[in-house]
Amino acid sequence: MPGGIDCHVHLCQDLKTGPLGLGGECADNFETGSRSAVCGGTTTMITFATQTRAEEDCSLLKVVEAYNARAEVTGSYIDYAFHVIIVRDDKDVLEAELPILVERWGITSCKLFMTYETMRLQDYQLLDVMLAALKNEITTMIHAENGDMIEWLTGEFPKKLESKAMMAPYYHALSRPPSVEGEAANRAIVLAELIENPILFVHVGSSASANVIRAAQTRGLPVFAETCPQYLNLTWEDLKRFHSPTCFENSKMVCSPPPGPDSSDQAALYIGLHNGTFTIFSSDHCPFKYDDPHGKMAGILEHEPSIQGEPCEGMTLPELAHKKVGSFRLIPNGIPGVETRLPLLFTRGVSTGRISPQKFVELTATNPAKLYGLYPRKGAILPGSDADLVIWHPEGGLPPFKLTNEHLHHNVDYTPYEGMEFDNWPRYTIARGRVVWGNGVLLGKPRDGQYLKRGPSQLGKGVAHFKKDPRRVASWVHEL
Ligand code: URP
Ligand code: ZN
Ligand code: ZN
């Protein structure tokens, strides 16, 4: 197959005010993250240059330059490109800089947040940025969760989670029931429809959200969606696995949106992979170490003397947990998975017959290339395309084995898929014609990868509606 393309990877991401913030520290840089990727059959990745609300981050160009410098420190084993995360709606900046981002950097996608106090845009701001993106043929990616609902469920008013001391990692899921995602997805669709802006929903985790996306697609709207391994392989049960006041183990599974309550969401998401609701399948690799005060333990150790007004220094983890000095809201959100993305979907999707091998390639390589303006250089086996290839073991060629974190090449001390059985794994990864991973041995080098300038999305063209429909407001909105 063509080399895997993972277009949702967090590396070297500034954490102070970002959605990964709350004290968390991104465990992978470009070297370790791309090393992990290539050992799992991925030859291209797109990572996030992140604007913050800090005044010095007002310029998106400066944000991208600073982020690029971080990539150049180590280099990358695989080819890479950037999305930009936009958290402000400075109209002059958008107008002046978006064309330069496209022209100079080939950055043709931006991600917008509907949750996280330090990241979210209000509805009118979403419209501002979407319109600016549309004018520059930049694809808008949406993190759809209703931030107000989450805050209301979490906060300290009577009857909410924290006031009842329901602060263990498991309650992260209860603070984000599927309707939180479904409401936000629906709202983003309505906003995008107003100006006829193509959008892509990242990390869709629930059937509530998949259903509104499917309905929008059926109405002919250019709405695309991504789902990720965690939503097909984890449930609320995994967040509950070691549920006790003294165990913080489940913080390993904390990501946003959380996986669905039970396997019925997984079944719905598999149908969505099969029937085209989902355009792409990415990892949302967001690496935090577990046993590290700047990783998942930030949820307990770093912040919380204030909750009970007592100092927590010198206390052991169980003591802290017992005193409930900590909260799911302080756990950095995100889980690692860049290396397991392809083998997991192969084992659980292709080997079981849930999706075809062709669909597998479409979701993990060809569609990502088309959606993000890399096709046909990437995502295809064609004359003129880069010779990025993955060769799997033939049927029965690799006896099933249980995964442990020691198999993996990221800089994270755990995998959420510890102990899961795999029946295949990329045998060879070939990047631009060279074998960089073969029979379990890493053969590439950290400076093999090149930065990729991208063109506009090759999906989302054409609209299935009547131009004269009076409900179609975009025609006159664009005149204003
Ligand atoms: O929990 C998650 N998904 N963390 C990564 C940041 C994001 O929103 O993609
Ligand atoms: Zn997100
Ligand atoms: Zn993400």
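See the values below:
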read-out: Failed criterion for ALA132 (all others in (1) surrounded by fewer than 19 Cβ atoms within 10 Å (Cβ to Cβ); (2) at pLDDT 95 or above hold); value: (1)
read-out: Inter-residue pairs, beta-carbon under 7 Å, first of a type in the set (A, V, I, L, M, F, W, C) and in the range 188-203, second within 16 Å of ligand 2 (Cβ to nearest atom) and in a loop (DSSP other than H, G, I, E, B), 6+ apart; value: ALA188/MET114; ALA188/ALA144; PHE201/ALA144
read-out: Subset of the range 160-195 [buried (at least 19 other Cβ atoms within 10 Å of the Cβ), among the charged types (D, E, K, R) and more than 29 Å from ALA298 (Cβ to Cβ)]; value: GLU193
read-out: Tally, over the range 189-218, of residues that are in a helix (DSSP H, G or I) and away from ligand 3 (no atom under 16 Å from the Cβ); value: 18
read-out: Selection within the range 28-53 - assigned to a loop (DSSP other than H, G, I, E, B), buried (at least 24 other Cβ atoms within 10 Å of the Cβ) and modelled with pLDDT under 95; value: GLN51
read-out: The range 135-152, residues that are buried (at least 18 other Cβ atoms within 10 Å of the Cβ) and in contact with a Pro (Cβ under 9 Å, 6 or more places away or on another chain); value: ASN136, ILE138, THR139, THR140, HIS143, ALA144, GLU145, MET149
read-out: Every residue from the range 361-414 that is among the basic types (Lys, Arg) and closer than 30 Å to THR139 by Cα; value: LYS370, ARG377, LYS378
read-out: Verdict on VAL361 being under 23 Å from GLN266 (Cα atoms), crowded, with 17+ Cβ neighbours inside 10 Å, of a type in the set (A, V, I, L, M, F, W, C) and in contact with a Lys or Arg (Cβ under 9 Å, 6 or more places away or on another chain); value: no
read-out: Scan of the range 86-136 for residues that are assigned to a strand (DSSP E or B) and of a type in the set (Lys, Arg), ordered by number; value: LYS111
read-out: Subset of the range 227-282 (residues that are over 19 Å from PRO332 (Cα atoms), within 16 Å of ligand 2 (Cβ to nearest atom) and without any contact (Cβ under 8 Å) to a residue 60 or more places away in the chain); value: THR227
read-out: Those residues of the range 376-433 which are surrounded by fewer than 20 Cβ atoms within 10 Å (Cβ to Cβ), polar (S, T, N, Q) and closer than 18 Å to TYR80 by Cβ, in sequence order; value: SER385, ASN411
read-out: In the range 286-338, the residues that are assigned to a helix (DSSP H, G or I) and modelled with pLDDT of 70 or more; value: LYS296, MET297, ALA298, GLY299, PHE328, ARG329, LEU330
read-out: Sole exception among (1) touching a Lys or Arg at 6+ places or on another chain (Cβ under 6 Å); (2) among the aromatic types (Phe, Trp, Tyr); (3) more than 24 Å from HIS294 (Cβ to Cβ) for PHE224, by number; value: (1)
read-out: Every residue from the range 116-128 that is surrounded by fewer than 23 Cβ atoms within 10 Å (Cβ to Cβ) and within 16 Å of ligand 2 (Cβ to nearest atom); value: TYR116, GLU117, THR118, ARG120, LEU121
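The values are calculated or read from the model by the stated rules, or taken from the named source; none is laboratory data. Predicted, not measured: the structure shown is a model, and the values here were computed from it. Cβ coordinates were reconstructed from backbone atoms using ideal geometry, including for glycine residues, and neighbour counts include every protein chain displayed.
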